[in-house]
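Step one of this worksheet: look at the structure below.
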Amino acid sequence: MFTIGNEEYLDHQELKKGTYPNFKNFNIFNFDNNNLIITFKPYQVACYALGSKEVKIPFKYLLEKMDNNCILKEFVYQLNT
């Protein structure tokens with residue numbers, strides 16, 4: 001069982017398949033002032049009736065997880081300032 005908003009769902013397979021670490025699952029993304037925003041298409045992680053879902057990952061968290069030699073670290077740092 002998993003929860004989206006206040007709703008609980010039993011289909012773990014949809015969630016696992018839609019968030020498996022490959023490019024096609026994470027190719028819709030954007031940025032706001034403080035976050036990397038990953039958008040999942042309808043049916044990708046939950047039923048169509050729930051629409052698209054998005055996950056916001058704070059730049060601060062990304063910077064903490066990136067190795068100092070990571071080529072994207074400076075880019076994320078600039079977005080965060």
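The values are calculated or read from the model by the stated rules, or taken from the named source; none is laboratory data. All of these numbers come straight from a predicted model, not from anything done at the bench. Ideal geometry is used to build each Cβ from the backbone, glycine not excepted, and the neighbour counts take in all protein chains shown.
Restricting the first member to segment 38-54 and to residues that are touching a residue at least 12 places away in the same chain (Cβ under 8 Å) and closer than 10 Å to residue 18 by Cβ, and the second to residues that are in a loop (DSSP other than H, G, I, E, B) and of a type in the set (S, T, N, Q), the beta-carbon pairs closer than 9 Å and six or more apart or on different chains are 40/52; 41/52; 44/52; 53/44.
Of all residues being touching a Lys or Arg at 6+ places or on another chain (Cβ under 6 Å) and not aromatic (Phe, Trp, Tyr) in segment 19-45, which is nearest to residue 80 (Cα to Cα)? Just the residue, please. By that ranking, first place goes to 35. Strands (runs of 3 or more DSSP E) fully within segment 11-81 that include at least 1 residues being surrounded by fewer than 13 Cβ atoms within 10 Å (Cβ to Cβ) and at pLDDT 90 or above: 29-31, 53-58.
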